[in-house]
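The values are calculated or read from the model by the stated rules, or taken from the named source; none is laboratory data. As the structure is a prediction and not an experimental result, all values here were calculated from the model. In this analysis, Cβ positions are derived from the backbone assuming ideal geometry, glycine residues included, and neighbour counts consider all displayed protein chains. Accessible surface is based on the protein model in full, side chains and every heavy atom, while ligands, DNA and RNA are left aside. Shrake-Rupley method; radii C 1.70, N 1.55, O 1.52, S 1.80 Å.
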Amino acid sequence: MASSSTLAFTPIEEIDRIHARLHAGFKTGTLKSLGKRQDQLLQLAYMLKENQSAFEEALAKDLGRPKLETNFLEVAPLINEAVKTIKDVPKWAAPEKPPFNINFFAMKPVIRKEAKGVVLIIAPFNYPYFLTIGPLIGAIAAGNACVVKPSELTPTCSQLMADLFPKYLDPDLYAVVNGAIPETTRLLELKWDHILYTGNSRVAKIVAKAAAERLTPVSLELGGKSPVFVDPNCDLKMTARRLLWGKVANAGQTCVAPDYVLVPREFQDTLVKALEDTYKDFYPEGPAKSDSFSRIVSGNHFNRIKKLLDGTQGQVVLGGDTNEGDRYIAPTVVKNVPTSDSLMSDEIFGPLLPIVPVKDLDEAIAFVNSGDHPLALYVFSNDAKTKKKVFDSTQSGAACANELIIHIGAEGLPFGGIGPSGTGYHTGKFTFDMFTHLRASIDSPGWIDMILNFRFPPYTAKKERALARMFPTKLPRRDAYSSAKSQC
Ligand code: NAD
């Protein structure tokens with residue numbers, strides 16, 4: 001069961017000292033060396049590998065998280081990402097030449113990939129390693145110094161990172177600040193070169209306002225209600241297994257967990273029966289006794305989720321039991337949930353799965369489009385047209401057919417929201433890009449003025465003709481593309 005542990009909050013004056021130390025560390029220029037970045041990434045990988053059991057035990061303590069889930073969803077992907085980044089960073093960091101242009105090539109135009117400076121990563125409780133160390137990998141690769149602020153709701157994990165960082169990473173470049181609102185508020189009063197905030201939209205507004213005061217670039221990785229369309233023409237057993245897994249992994253405390261299901265009314269009971277069978281497969285002794293199911297992070301979150309369940313007008317068909325002392329909420333499926341229900345009022349972020357019956361796919365799409373753009377949107381179907389229709393008629397951070405959650409780990413895919421579910425992208429090279437300044441650079445020879453002489457006053461008719469030769473403004477016919485309008 002989850003139990004609390006002590007977390008040493010970073011004294012406020014110490015936060016200022018860390019800020020100054022990291023700025024001084026960054027200014028030494030040591031991170032301009034790719035070797036230094038690769039070394040720090042390797043140390044980070046060793047930190048994860050040599051302390052794997054400690055990472056697992058800390059999450060078991062804070063969230064009752066099964067070890068396999070910690071490994072599958074956090075530690076193993078992070079080790080892989082660090083090692084892969086070590087290999088990829090020389091390619092990512094290499095200066096890039098823009099496409100050839102006769103007017104400019106002689107000026108040797110180049111995009112230099114430069115670190116932004118000292119960056120701040122503020123993370124939530126639900127994936128305490130993936131959402132701190134993951135972005136840190138990209139920050140290091142891009143040559144930034146970095147402060148990581150983990151969540152106070154996972155005290156054992158946050159303390160573990162504070163203890164381990166100085167043993168593996170250069171303390172003049174990387175530091176953990178621990179604490180709650182006052183500590184984060186102090187961090188936000190200081191100047192950073194980029195802030196990545198992952199968490200809820202209420203705090204995101206506080207972070208964005210503080211960043212705006214200092215014109216600090218900010219990326220926001222938020223949440224929301226991620227819907228699932230289930231088509232009667234689907235692989236039912238696979239759908240039920242993946243759907244229920246998406247809801248029970250980390251007890252539903254996953255930003256891209258399936259939040260609710262939209263299903264044609266006549267297919268609802270078939271889906272419920274398949275979920276019942278899966279439930280028995282997953283938890284033959286029941287989830288309360290299983291060591292394959294996490295607990296809710298805090299009493300506040302337990303009460304919040306229980307209130308949503310207590311308020312439902314739907315029918316609980318699976319689970320429904322809770323135990324406050326253990327912060328246990330059973331994986332729970334609720335059917336016949338109206339769209340006005342308590343379970344549909346906000347992101348659930350817990351192991352409750354409401355099923356909302358609809359007339360058809362059009363009604364489901366219209367409902368999703370009437371709300372905020374979700375972080376992820378899922379469809380289970382064997383029909384290519386249905387999948388295409390869902391993808392083409394909606395907007396969301398990610399769109400997945402017949403799969404849930406693990407798109408985040410798919411190499412080369414960006415992870416990010418749209419609108420209220422977030423701005424910016426991370427994982428892999430996208431994190432590197434987020435923390436990189438693309439510095440435009442040219443080195444222009446003197447003889448260019450023979451060609452660009454027209455820029456210098458006095459402006460004459462001859463110079464105007466030279467300008468017209470260099471930048472012709474002839475357009476295609478006005479209707480050149482009009483027949484293409486209907487082809488999209
Ligand atoms: P949380 O309560 O752990 O808070 C996140 C961070 O904000 C913590 O570090 C906390 O100290 C700080 N914080 C809290 N209140 C603050 C305040 N008033 N001022 C400044 N800082 C403050 O986690 P949470 O926000 O409840 O996280 C859950 C949310 O995060 C969900 O909505 C989930 O969908 C979202 N999430 C998004 C992603 C993503 O990548 N898009 C990933 C995980 C979670």
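General remarks:
- For segment 224-341, the solvent-accessible area with a 1.4 angstrom probe is 40 square angstrom per residue.
- Helix 52-63 axis, angle to the chain major axis (alpha carbon atoms, nearest 10°): 60
- The value for the chain of Rg(Cα) / (2.2 N^0.38 Å) is 1.13.
- Label point distance in nm, E403-D326, each placed 7 Å from Cα along Cα→Cβ: 3.4
- Packing-based order for 284-293, 137-146, using average beta carbon neighbours within 10 Å, highest first: 137-146, 284-293
- Relative contact order of segment 392-488, pairs being alpha-carbon contacts under 8 Å that are 6 or more residues apart, as %: 13
- Estimated at 0.36 nm per residue, the fully extended path between I451 and A54 surpasses their Cα-Cα distance by 136.3 nm.
- Each of S290 and K306 was given a label point 7 Å from its Cα along the Cα-to-Cβ line. The distance between the two points is 2.2 nm.
- Counting Lys and Arg as +1 and Asp and Glu as -1 over every other residue whose Cβ lies under 14 Å from the Cβ of R21, the net charge comes to -3.
- Rounded percent of accessible protein surface that carbon and sulfur make up, segment 227-416, 1.4 Å probe: 48
- Candidate cross-link partners of K36 among the lysines, defined by an alpha-carbon separation under 24 Å and a same-chain spacing of 8 or more, comprise K27, K49, K84, K87, K91, K113, K116, K149, K167, K429.
- The chain: angle of helix 299-310 to the longest principal axis, Cα-based, in degrees nearest 10: 60
- Near L68, once Lys and Arg are set to +1 and Asp and Glu to -1 for all other residues with Cβ below 14 Å from its Cβ, the sum equals -3.
- Net charge of Cβ neighbours under 13 Å - reference I296; Lys, Arg +1; Asp, Glu -1: +3
- Residues in segment 399-430 reached by a label modelled at D88 [backbone nitrogen below 12 Å; 7 Å Cα→Cβ]: 409-415, 426-430
- Zone of M238's modelled label, taken as backbone nitrogen in segment 266-304 under 18 Å from a point 7 Å along Cα→Cβ: 271, 274-275, 278
- Put a plus charge on the Cβ of each Lys and Arg, a minus charge on the Cβ of each Asp and Glu, and nothing anywhere else: the dipole of segment 227-416 about its Cα centre is then about 100 debye.
- The long axis of helix 201-213 is offset from the longest Cα principal axis of the chain by roughly 20 degrees.
- Sorting the segments 151-157, 453-459 by their mean number of nearby beta carbons within 10 angstrom, highest to lowest, gives 151-157, 453-459.
- Helical mean residue ellipticity (222 nm; -39500 (n - 2.57) per DSSP H run of 4+; nearest 500) of the chain: -12000 deg cm²/dmol
- Solvent exposure ordering (accessible area, 1.4 Å, most first) of T322, T10: T322, T10
- Dipole in debye (nearest 20) - the chain, about Cα centre, beta carbon charges: Lys, Arg +1; Asp, Glu -1: 2340
- I206 paired with N101, simple spin-label distance in nm, labels 7 Å along Cα-to-beta-carbon: 4.4
- Fully extended contour minus Cα-Cα distance, from E464 to R478, at 0.36 nm per residue: 2.5 nm
- Computed over the chain: relative contact order in percent, which uses C-alpha pairs under 8 Å that are six or more apart: 18
- Most tightly packed first, judged by the mean number of other beta-carbon atoms within 10 Å of their residues, the peptides 216-225, 472-481 read 216-225, 472-481.
- The calculated FRET efficiency for the pair F282 and K32, based on their C-beta separation and a Förster distance of 56 Å, comes to about 0.65.
- Separation of alpha-carbon centers, segment 418-488 and segment 297-311, rounded to whole Å: 53
- In loop segments of segment 350-413 as defined by DSSP, the trypsin sites (Lys or Arg not before Pro) with at most 14 further C-beta atoms inside 10 Å of their C-beta are K359.
- Per residue, the solvent-accessible area of segment 1-88 (1.4 Å probe, heavy atoms of protein chains only, all protein chains present) comes to 49 Å².
- For segment 282-417: relative contact order, % (alpha-carbon pairs under 8 angstrom, 6 or more apart): 16
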